[in-house]
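First the structure, then my questions, so here it is.
Derivation of every value follows stated rules applied to the coordinates shown; laboratory data play no part. Quick caveat: nothing in here was measured; it's all calculated off a predicted structure. So basically every Cβ, Gly included, is an ideal-geometry build from the backbone, and we count neighbours across all protein chains shown.
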Ligand code: HEM
């Protein structure tokens, strides 16, 4: 294979020093080459905005390959049977499906995420954000005490999942998402598998309850739905509910943490928000652009003769799309390292993906994030960090362990 530019990543994605501030390294890489093959990781890294965006929309690429080829053809390790519970919970997740299965289930989920249903969450989101803040003391953890209960309550409400188990839902989700990192340890995989088993048992119970006694909610909707006369199987419903619950809060919570950390390092920007010069709805686009909570998504090359960023990439290869790098691409964003919450084209960020897997929760996330930031700016105008927050030691899902703040 002939590839221009570096033959490997000039940094280690799992190094805590890199994770602390990956942007100088990502920028240098992006300016050196649009595409870099890393032999150790066996992946092609795509660095620039236009190419990442094109990959997301390219139907010759897929999140999965098992609908068109074998593990051997795609040089992939077979799924490790030790983590069977985890794979079972993911088997029907929208994130791992490709057409036609993806089209069938996405259509059903989209029917529940109508603009009206999502818009109806705006007032409850604002009320909840204010109530949470009113009940917190002078000092609190922005993630544990505010963003987590806020986000999990709203997604549970939309789905019709009771909130009495919300700490379990958060624990299961945190354990499961460790499987998406580059350096998942055996202990983390065991924990993810156990979490998937418990999560599945819980959702199966919920399905039984809603089957016997349907409510006006999304779980009941999935239980009763028919596509071409066929009902969804329990496995399909479990994966759908799990992906919605997990995706429905992980990135939102981390955006609140990453976003406030960014604002506290740029007090002038925080003041523009507090004074009302810039709306929270506008600011969140720049916060997602500047420090996105999801840094990397992968695609398999499913066909022959695919060119990525001008270079041929053979069928069976794996691409890693660097969202955080694309979001700082100066070809799209002027003075791209600068945080400017009124940036006119901030919403061109890649944060919500694109193409058939584009975030189905993006309209909800935007409402939630704007309401939560607005409440913070209004009720806690002098909010500040009590200590420098510590990063979760993970590259793909970017967030903090905790964000201690005082008002
Ligand atoms: C700031 C918050 C969020 C961010 C940054 C985000 C980002 C993303 C991205 C980048 C993808 C595409 C992955 C890919 O192309 O491989 C995605 C997919 C998805 N997101 Fe989000 N998301 C957020 C919030 C939400 C919320 C609130 C929900 C649910 C209510 C949600 C549900 C989903 C689902 C179900 C998918 C899979 C869609 C599919 O594969 O068809 N997300 N999200």
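If I stretch the segment between residue 87 and residue 21 completely, what's the gain in nm (0.36 nm per residue apart, minus their alpha carbon distance), one decimal?
20.5 nm
If you don't mind, another one. Each label point is 7 Å from the Cα along the Cα-to-Cβ direction; what then is the distance between the points at residue 275 and residue 120, in nm?
For the pair residue 275/residue 120, the computed spacing is 4.0 nm.
Extension gain residue 57-residue 73, at 0.36 nm per residue separation less the Cα-Cα distance, in nm?
Gain on stretching residue 57 to residue 73: 3.4 nm.
Using helices alone, I'd like the mean residue ellipticity at 222 nm for the chain: each DSSP H run of four-plus residues gives -39500 (n - 2.57), total over residue count, nearest 500.
-14000 deg cm²/dmol
I would also like to ask the following. Just want the ordering: 304, 141, from fewest to most Cβ atoms lying within 10 Å of their own Cβ.
304, 141
By the gyration tensor of its Cα atoms, with a ≥ b ≥ c the square roots of the eigenvalues, what is the shape of the range 289-407: rounded for a/c under 1.5, prolate for a/b over b/c, or oblate?
In terms of gyration-tensor shape, prolate.
Assuming a ≥ b ≥ c are the square roots of the Cα gyration tensor eigenvalues, decide whether the chain counts as rounded (a/c under 1.5), prolate (otherwise, with a/b larger than b/c) or oblate.
Because a/c hits 1.5 or more and a/b fails to exceed b/c, the chain counts as oblate.
Could you pull out which residues in the range 88-120 have an amide N less than 15 Å from a spot 7 Å beyond the Cα of residue 197, following the Cα-Cβ vector?
Counting backbone N atoms under 15 Å from the label point, the list is 88-89.
Something else now. State, to one decimal in nm, how far the label point of residue 266 lies from the label point of residue 307, with both points 7 Å from Cα in the Cβ direction.
Placing both labels 7 Å beyond Cα along the Cβ direction yields 3.6 nm.
Right, next: Based on other C-beta atoms within 10 Å, arrange 383, 13, 321 from fewest to most.
383, 13, 321
Relative contact order, percent, of the range 16-406 when contacts are C-alpha pairs under 8 Å separated by at least 6 residues? Don't skip to the answer; put the middle values down first.
Details: 583 pairs, mean separation 107.9, N = 391.
For the range 16-406, the relative contact order is 28 percent.
What shape does the range 344-399 have by the C-alpha gyration tensor, where a ≥ b ≥ c are the square roots of the eigenvalues, rounded means a/c under 1.5, and otherwise prolate means a/b greater than b/c and oblate the rest?
Values: a/c = 2.43, a/b = 1.35, b/c = 1.80.
Oblate, because a/c is 1.5 or more while a/b does not exceed b/c.
Can you give the FRET efficiency for residue 224 and residue 204, using 1/(1 + (r/R0)^6), R0 = 22 Å, r = Cβ-Cβ distance, to the nearest 0.05?
0.85
Let me ask another. What ranking do 366, 299, 116 get, fewest neighbouring Cβ atoms within 10 angstrom at the top?
116, 366, 299
Could you sort 244-257, 347-360 so that the peptide with the highest average Cβ count within 10 Å comes first and the rest follow in order?
244-257, 347-360
Any idea how far apart residue 39 and residue 358 come out in nm if each label point goes 7 Å out from Cα toward Cβ?
4.0
Additional query: Quick check: residue separation of residue 388 and residue 215 times 0.36 nm, minus the Cα distance between them. What number comes out in nm?
The span from residue 388 to residue 215 would gain 57.8 nm if fully extended.
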